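J.: Could you have a look at this structure, given as structure tokens, before my questions?
The values are calculated or read from the model by the stated rules, or taken from the named source; none is laboratory data. Because the structure is a prediction, the values reported are computed rather than measured. Here the Cβ positions follow ideal geometry from the backbone for every residue, glycine too, while neighbour counts run over all protein chains shown. For accessibility, only protein heavy atoms count, side chains too; no ligands or nucleic acids. Shrake-Rupley method; radii C 1.70, N 1.55, O 1.52, S 1.80 Å.
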Amino acid sequence: MGVTCVSQMPVAEGKSVQQTVELLTRKLELLGAEKQGTFCVDCETYHTAASTMGSQGQAGKLMYVMHNSEYPLSCFALFENGPCLIADANFDVLMVKLKGFFQNAKANKIETRGTRYQYCDFLVKVGTVTMGPSARGISVEVVD
């Protein structure tokens, strides 16, 4: 596989997020794309604990921990303005033990769920982006 492009799709005027996703998937199926199953990507935000910051007023650093159903045995962590870490799925257990250094920003879990399609040489994933119980947008990923 070569190039991957992830894009945010605008919601169709007068339609809901779910209606727009259904419209996109219908168009893909009309083009001849074949369903290849489902996918899920979730992301939790952590911030540095107050006890780890040296001086008052200093902004905390953020870390994003992601899981991807395409890589079920891995966990990805991206530090704000820093490195990306790839670990095994037990990384979440380590984050619980590091709660004195990183705290989970509870209300900031975001998730994308949807359907995978094969269209010619392309893998196309159309998903609904949710934060908590509400749909926030649509993501489309195209892999060559």
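J.: In whole angstrom, how far apart do the alpha carbon centroids of the stretch 26-47 and the stretch 59-116 sit?
T.: Cα centroid to Cα centroid, the span is 20 Å.
J.: Just the accessible area per residue of the chain, please: how many Å² with a 1.4 Å probe?
T.: Working: 9330 Å² over 144 residues.
Value returned for the chain: 65 Å² of accessible area per residue.
J.: Over the chain, what percent of the accessible surface lies on carbon and sulfur atoms, probe 1.4 Å?
T.: On the way: 5300 of 9330 Å².
C and S atoms contribute 57 percent here.
J.: Sort 108-120, 17-29, 92-104 by packing, meaning the average of other beta carbons within 10 Å per residue, with the highest value first. All intermediate terms of the calculation are to be shown ahead of the outcome.
T.: Working: 108-120: 17.1, 17-29: 15.5, 92-104: 13.2.
Put in order of decreasing packing, that is 108-120, 17-29, 92-104.
J.: Using only the Cα atoms, work out Rg/Rh for the chain, with Rh taken as the Kirkwood radius, to two decimals.
T.: Working: Rg = 17.9 Å, Rh = 17.1 Å.
With Rg and the Kirkwood Rh in hand, the quotient comes to 1.05.
J.: Find out how many positive minus negative residues lie around residue 44, taking Lys and Arg as positive, Asp and Glu as negative, among other residues whose Cβ is under 10 Å from that of residue 44.
T.: On the way: positive: 106, 109; negative: 42, 92, 111.
So the surrounding residues net to -1.
J.: In this model, which of 15/106; 61/99; 27/109; 15/125 are farther than 18 Å apart at the alpha-carbon?
T.: Values: 15/106 30 Å; 61/99 14 Å; 27/109 30 Å; 15/125 20 Å.
Violating the 18 Å Cα-Cα cut-off are 15/106; 27/109; 15/125.
J.: On a 0 to 90° scale, report how tilted helix 17-31 is relative to the longest principal axis of the chain, with both axes built from alpha carbons and the result rounded to the nearest 10.
T.: The helix 17-31 is inclined about 50 degrees to the chain.
J.: Could you tell me the relative contact order of the stretch 66-144? Use alpha-carbon pairs under 8 Å, at least six residues apart, and round to a whole percent.
T.: On the way: 101 pairs, mean separation 13.3, N = 79.
For the stretch 66-144, the relative contact order is 17 percent.
J.: Label points 7 Å out from Cα along the Cβ direction at residue 69 and residue 29: separation in nm?
T.: Roughly 1.7 nm, to one decimal.
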